[in-house]
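Novice: Shown below is the structure under consideration.
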Amino acid sequence: MTDNKSNVKNSPPSSFRLESVKNRRGVSILITGVVSISEFSEEMIAVKSHGMKLLIRGKRLNMTVFENNSIEISGRAEDIAFCYGKN
Amino acid sequence: MVRIDFLIFGYRKITLSPEDLSEVTSNLLRAKIPSSITNDGKITVRERDIPRVIALGITREENISKPLGLLGAIKQIHHKRAVVSALVLSMLLVIVSSLLVWDIRIEGNESIPSVSIEEELTKYGIKKGMFVAKIDESRAEVEILEENSEISWININKRGGVIYVKLAESEATKEEKVEKKGYSNVIATYDCVIEEITVKRGTAQVKKGDVVKKGDLLISGIVSSGESIDFCYAEGIVKGRVREQIVAESDRNYEKISEKSEKSAYLDIYFFNFRINIFKIYRKLQNKCDIIEEIKTFSFPNGKKLPLLLVFGKEKTYEKKTVELSDEELVRMTSELLSAKTAARLANSDLLKLKTEGEFTESGYKMTSSVVFLCSVGEDSVFYVQ
């Protein structure tokens with residue numbers, strides 16, 4: 001898991017990439033190339049990337065923001081939806 | 001969950017309303033400020049990023065908590081004189097206590113009681129409660145060896161407040177203590193010619209110049225005095241002239257083990273007897289490897305050691321390569337091997353004659369030494385009387 005994180009951190013900031021690893025508290029989802037967060041709550045996080053939007057639904061969702069436009073979402077994620085277009 | 005670097009370098013929590021969370025998070029993302037957003041609506045930001053957060057106008061200062069984590073704890077106790085003075089006092093107490101001898105640990109004594117060794121050490125100022133710096137262990141070692149014939153080797157080490165004493169008792173002291181019970185004969189351990197026989201107990205069965213074979217009776221445990229027969233534990237020194245061949249052979253295709261790589265495996269810090277592991281790397285090892293420990297100690301200019309050790313663990317991997325040896329190398333290697341074998345064989349013997357021959361074989365080189373030596377050839381063989 002540590003290796004995945006370091007790979008994600010070292011990747012170019014603009015490229016979109018998603019990796020998920022199962023852990024004790026649910027899953028840990030690493031996303032790079034994030035432009036903004038359009039919605040944040042315990043049950044849903046909406047993430048905007050270049051040309052697309054990502055919806056993560058679940059329970060007890062937490063988020064960590066890293067320096068290079070990447071985020072890590074951890075918690076009991078139940079559904080991930082990719083939406084075409086920024087809106 | 002707060003990140004470990006946040007905990008060490010300090011962090012603050014920003015309280016926000018749920019509707020502002022996404023916008024603030026986006027701003028932090030754009031400003032490349034690392035943060036952690038928990039589901040209770042609080043954002044955790046590093047202490048050093050707080051000025052940037054305020055400059056961005058993300059939130060008002062009253063929504064930002066006091067410094068937390070290790071740095072926060074240090075900042076909070078900064079003004080508390082009592083805590084600081086207690087810390088300083090306890091540090092002083094630890095330093096002063098490390099200057100005194102707290103314990104003496106003695107190893108290696110079997111027949112000499114520890115109490116008498118401690119009494120002997122007291123003569124040289126080595127006792128509990130004394131200052132460690134005042135102890136001259138080198139002088140104590142030399143003088144204890146001179147004055148006590150029953151000790152053949154002694155080593156005194158100071159480590160923190162503990163004195164470690166390691167010693168070896170002389171062989172005579174040990175032998176005296178071995179109690180021989182029951183009945184026994186002395187039999188020959190080699191095919192040899194008897195050169196010397198001294199009987200301490202029992203009846204000699206051979207004399208000087210006799211040729212004996214392995215297992216022959218040398219000193220009998222049966223003692224006859226007049227008409228009566230007694231049994232005893234036969235004892236004596238029997239020396240014989242032994243002839244033997246020592247062979248050493250080396251293959252031309254030599255499997256050479258060479259170092260392949262060296263990687264850091266772990267780092268430990270020892271403070272007194274406490275061990276703190278800084279890091280440890282787990283990896284799958286496919287080749288044979290050695291763990292090499294590099295220990296770094298710190299000391300004052302006057303030579304007194306600090307109770308702090310750094311232990312660097314390194315993994316050294318090796319690889320095997322088959323190399324073909326030249327004639328010269330082959331002879332040198334076989335010669336070294338033969339020397340080692342001969343030295344091991346003649347460890348407790350007196351060499352009388354040595355003749356060495358060498359020849360190249362199909363696979364490599366072979367050396368043969370014919371040795372004649374004088375050694376102890378008697379061995380106890382216990383028997384039972386019904």
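Novice: With r as the distance between the Cβ atoms of B:Lys213 and B:Val372 and R0 = 25 Å, compute the FRET efficiency 1/(1 + (r/R0)^6) and round to 0.05.
Specialist: Efficiency computed from Cβ-Cβ geometry: 0.90.
Novice: Can you list the equivalent-ellipsoid semi-axes of the protein assembly as shown, largest first and in whole Å, using the square root of 5 times each Cα gyration tensor eigenvalue?
Specialist: 76, 36, 21
Novice: Say the cut-off is 24 Å between C-alpha atoms; which of B:Lys207/B:Lys355; B:Lys32/B:Lys280; B:Lys214/B:Lys341; B:Lys316/B:Lys366; B:Lys341/B:Lys366; B:Lys128/B:Lys158 go over it?
Specialist: Those over the limit are B:Lys207/B:Lys355; B:Lys32/B:Lys280; B:Lys316/B:Lys366.
Novice: Take each complete run of DSSP H in chain B, measure how far its Cα atoms stretch along the helix's own axis, and keep only those covering 30 Å or more with mean Kyte-Doolittle hydropathy at least 0.0; list them.
Specialist: Length and hydropathy pass: none found.
Novice: For a quick check: with amide H placed at 1.01 Å from N, whose amide H comes under 5 Å from B:Tyr190's, ignoring anything fewer than 5 positions away on the same chain?
Specialist: Sorted by chain and number, the residues that satisfy this are B:Gly215.
Novice: Another question, then. So, by mean Cβ neighbours within 10 angstrom, what's the order for B:352-362, B:150-160 with the highest one leading?
Specialist: B:150-160, B:352-362
Novice: Right, something else. Treating the beta-carbon of each Lys and Arg as +1 and of each Asp and Glu as -1, no other charges, what is the dipole magnitude of the protein assembly as shown about its Cα centre, to the nearest 20 debye?
Specialist: With Lys and Arg at +1 and Asp and Glu at -1, about 3040 debye.
Novice: I've got another one for you. Between the DSSP loop rule and a limit of at most 15 other Cβ atoms within 10 Å, which GluC sites (Glu not before Pro) in segment B:221-280 are left?
Specialist: Passing sites in segment B:221-280 are B:Glu227.
Novice: Follow-up question, since we're still on this one. Picking from B:Leu92, B:Val377, B:Ser250, whose Cα lies most toward the positive end of the charge dipole for chain B (charges on Cβ: Lys, Arg +1; Asp, Glu -1)?
Specialist: Going by the charge dipole, the pick is B:Leu92.
Novice: Can you pull out the GluC sites (Glu not before Pro) in segment B:70-123 whose DSSP state is coil and whose Cβ has at most 16 other Cβ atoms within 10 Å?
Specialist: The qualifying sites are B:Glu110.
Novice: Largest first, please: the extent of the C-alpha atoms of segment B:111-240 along each principal axis, to the nearest Å.
Specialist: 68, 32, 21 Å, listed from the longest principal axis down.
Novice: How shielded is B:21-31 by partner chains, expressed as the average number of their Cβ atoms within 10 Å of its Cβ atoms?
Specialist: 6
Novice: Also, I was wondering about something else. Using a simple spin-label model with points 7 Å from Cα along the Cα→Cβ vector, what separation in nm is obtained for B:Arg48 and B:Ser224?
Specialist: 9.9 nm
Novice: Shifting gears a bit: For A:Met44 and B:Tyr282, what does the FRET efficiency come to when R0 = 25 Å and r is the distance between their Cβ atoms, rounded to the nearest 0.05?
Specialist: After rounding to 0.05, the efficiency reads 0.10.
Novice: Can you give the helix-only mean residue ellipticity at 222 nm for the protein assembly as shown, where every DSSP H stretch with n ≥ 4 adds -39500 (n - 2.57) and the sum goes over all residues, rounded to the nearest 500 deg cm²/dmol?
Specialist: Calculated at 222 nm, the ellipticity per residue is -6500 deg cm²/dmol.
Novice: Counting C-alpha atoms alone, how compact is chain B: give Rg to one decimal and Dmax as a whole number, in angstrom.
Specialist: 36.7, 119
Each reported figure results from applying straightforward, stated rules to the coordinates on display, with no laboratory input. For clarity, every value in this text was computed on a predicted model and none was experimentally measured. Heads up, the Cβs are rebuilt from the backbone with ideal geometry, glycines too, and the neighbour counts pull from every protein chain shown.
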